[in-house]
Amino acid sequence: MSPQTHSTRQLIDWDRQYLWHPFTPMKPWCEDKDILIIARGEREFLFDTEGRRYIDGTSSIWCNVHGHCVPELDSAVKAQLDQIAHSSLLGLGNIPSILLAKRLVELVHACGLALDKVFYSDDGSTAVEVACKMAYQYWRNVASPTPGSDTRTRFIALGNAYHGDTLGAVSLGGIPIFHAAFKSLCFPVDFVSPPTQPDSLAQIERLLKANPHAYAGIIVEPLVLGAGGMIIYPPEILGQLRALADRYRTLLIFDEVMTGFGRTGTMFAAEQGRVTPDLLCLSKGLTAGYMPLGVTLTTRKIFDAFYADPRVNPEKTFFHGHTFTGHPLACAVALASLDLFDQTHLLVHVQRMSAILAKTLEKARKYPYVGDVRHLGLIGAIELVADKTSRTPFPSAWRVGGALCTKMRSLNLLMRPLADVIVIMPPLAIREENMRHLCDGVLNSLQWLPEIVAQKTREFPT
Ligand SMILES: *Cc1c(COP(=O)(O)O)cnc(C)c1O
């Protein structure tokens, strides 16, 4: 471990002077936020620069799988580093990206998903961009030369969806506070209600019926709308989406950036619906949360639509790529992570931790100001509301969820809410005693709500 060469105070000052944080109102951050700076990690723990230890309750924003500083993963990175850190996939191959592509195709096949080709990119947003561009170009590539024959250019997405922050992903995003400001920069997308609403699928069918040649694809986060508030819907919906896409001849895209790699209790959420999408986006857990890497998997059918002699059909090539596409260090750690999934029987462990989470959430349901609890695999969500019966939300300016999570630091828990939804998403490999500590801590912290609400009422007089 390298010694820490600067004081916490110095680092905080420099952070405020030089950094602009993501998704962060910088005024309160710079004025009064108690900045916590992480210095190191150890399995499910994070340590700050003062040496305080916390449970990583959000798995470092939903991506960490086996914990931090896992010896097997660290040595995989080091071993690759001894060979080469990076070389390009443009016109060249590299060993880890080949081995990982093979491994991923074998893995999805073993999970019952008929996907055959791996396209690399850098993160979740780019995995979605790739899926979206592939779907769009697929229809161009297969269109008959008759003008106006099949001009499928539009997408259907879900209200409250989150697919990332690049502009294509923002176009497909349905969270007003994140996306509304950019909509005039975006391509047009038709949004339907999330599948928790009874008429969601009927809305999709109406769109497909009204414009049978308009749609290039339907994109969804399968089973869980993540950043939209951990909104969970039943697996049967996936089969119904597949049937609609088939009936109206459009493509189905699953954004499993968050759900992929065990988070929902199965390796992929798609398995629970026994459905193969035409395009599958993966990122967060892919490298066990060690490094940025995205992949878009697709079928041979889509791949074949791009498979052409460039002297005859130069326009059929997929002209997309990033400098660090198929990064060897990231691919090496992803391979080591898949080994660990097997060796540690991680999915079995997830089921056990999931049962502990389920009990906690049922207890949480009874607390004042808890409007709903939601649970799937190792995702827990507690929705805080001003009025339990009517489920009236708190004024968003109160930031009740944020206040509660900040207070949980005194219990050595690092949490980050989605507005007023408290999210419990530790690394999948969290040990049982720490899972219990996390769950008990969250539950106990709900007792602080009346006090927080009273304080907010004083701070924001009506
Ligand atoms: C996090 C997330 C993304 C974006 O991934 P980045 O790596 O942050 O670009 C896309 N889709 C879903 C469902 C996500 O949870």
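The values are calculated or read from the model by the stated rules, or taken from the named source; none is laboratory data. On a predicted model such as this, the values are computed, not experimentally measured, just so you know. Note that each Cβ is placed from the backbone with ideal geometry, even for glycine, and that neighbours are counted across all protein chains shown. Only protein heavy atoms, including side chains, enter the accessible area calculation; ligands, DNA and RNA are left aside. Shrake-Rupley method; radii C 1.70, N 1.55, O 1.52, S 1.80 Å.
Can you work out ³J(HN,Hα) from phi for every residue in region 317-323, in order, using Karplus 6.51 cos²θ - 1.76 cosθ + 1.60 and θ = phi - 60°, giving whole Hz and x for Gly and Pro?
Once θ is set to phi - 60°, the couplings for region 317-323 become 5, 8, 8, 8, x, 10, 3 Hz.
For Ile218, enumerate residues with amide H under 5 Å from its amide H, sequence gap 5+ or separate chain, H modeled in the peptide plane.
Here Ile156, Leu251, Leu252, Ile253 satisfy the definition.
At 0.36 nm per residue, minus the direct Cα-Cα distance, what do Asp304 and Lys316 gain on full extension? Give it in nm, one decimal, please. All intermediate terms of the calculation are to be shown ahead of the outcome.
On the way: separation 12, 0.36 × 12 = 4.32 nm, distance 1.01 nm.
Between Asp304 and Lys316, full extension yields 3.3 nm more.
State the percentage of accessible surface on region 238-318 attributable to carbon and sulfur atoms; use a 1.4 Å probe and exclude ligands, DNA and RNA.
Values: 1530 of 2920 Å².
After summing per-atom areas, the C and S share lands at 52 percent.
List the chymotrypsin sites (Phe, Trp or Tyr not before Pro) within region 279-335 that fall in a DSSP loop (any state other than H, G, I, E or B) and whose Cβ has at most 12 other Cβ atoms within 10 Å.
Numbers: sites: Tyr290, Phe303, Phe306, Tyr307, Phe318, Phe319, Phe324; in loops: Tyr290, Phe306, Tyr307, Phe318, Phe319, Phe324.
Here the chymotrypsin sites (Phe, Trp or Tyr not before Pro) that fit, given the DSSP loop and packing criteria, are Tyr307, Phe319.
Straight-line reach from Lys366: which lysines have a Cα under 25 Å away, not including same-chain ones fewer than 8 places off?
Answer for Lys366, where 25 Å is the Cα cut-off: Lys388, Lys407, Lys456, listed by chain and number.
Would you mind calculating the relative contact order of the chain from Cα pairs under 8 angstrom and at least 6 residues apart, reporting the percent as a whole number?
Values: 858 pairs, mean separation 91.1, N = 462.
So the answer I get is 20 percent.
With a 1.4 Å probe and every protein chain left in place, work out the accessible area per residue of the chain in Å², rounded to a whole number. Before the final figure, lay out each step's value.
On the way: 21290 Å² over 462 residues.
Normalised by residue count, the accessible surface of the chain is 46 Å².
Sort Tyr18, Tyr367 by accessible area with a 1.4 Å probe, largest first. It would help to have the intermediate numbers written out before the result.
On the way: Tyr18 155, Tyr367 50 Å².
Result, largest first: Tyr18, Tyr367.
Within region 297-394, list the trypsin sites (Lys or Arg not before Pro) lying in a DSSP loop whose Cβ has at most 16 other Cβ atoms in a 10 Å radius.
Arg311, Arg365, Lys366, Lys388, Arg391
Met258 accessible area, nearest 10 Å², 1.4 Å probe?
In the full protein context, Met258 sits at about 20 Å².
Ordering Ser171, Ser390 by how much accessible area each has at a 1.4 Å probe, largest first, what is the list?
Numbers: Ser171 5, Ser390 75 Å².
My answer, sorted largest first, is Ser390, Ser171.
Considering only protein heavy atoms, what is the solvent-accessible area of Asp420 at a probe of 1.4 Å, reported in Å² to the nearest 10?
Taking all protein chains as shown, Asp420 has close to 20 Å².
Antiparallel versus total DSSP beta bridges in the chain: what percent is that, nearest 5? Spell out each step's value before the answer.
Working: 31 of 47 bridges.
Here the share of antiparallel DSSP bridges comes out near 65 percent.
Would you compute, from DSSP H runs of 4+ residues alone, the mean residue ellipticity of the chain at 222 nm, taking -39500 (n - 2.57) per run and dividing by the full residue count, rounded to the nearest 500? If you can, show how the numbers build up before the last one.
Working: 17 runs with 180 residues, N = 462.
Estimated from H runs of four or more residues: -11500 deg cm²/dmol.
If the reach is capped at under 20 angstrom between alpha carbons, list the aspartates and glutamates near Lys209, excluding any in the same chain fewer than eight residues apart.
Cross-link targets: Asp150, Asp190, Asp199, Asp246.
Using a 1.4 Å probe and counting only protein heavy atoms, arrange Glu432, Glu451 so the residue with the most accessible area comes first. Present the calculation step by step, with values, prior to reporting the outcome.
Details: Glu432 75, Glu451 105 Å².
My answer, sorted largest first, is Glu451, Glu432.
Quick one: accessible surface of Arg52, probe radius 1.4 Å, all protein chains present, in square angstrom to the nearest 10.
Accessible surface of Arg52 is approximately 130 Å².
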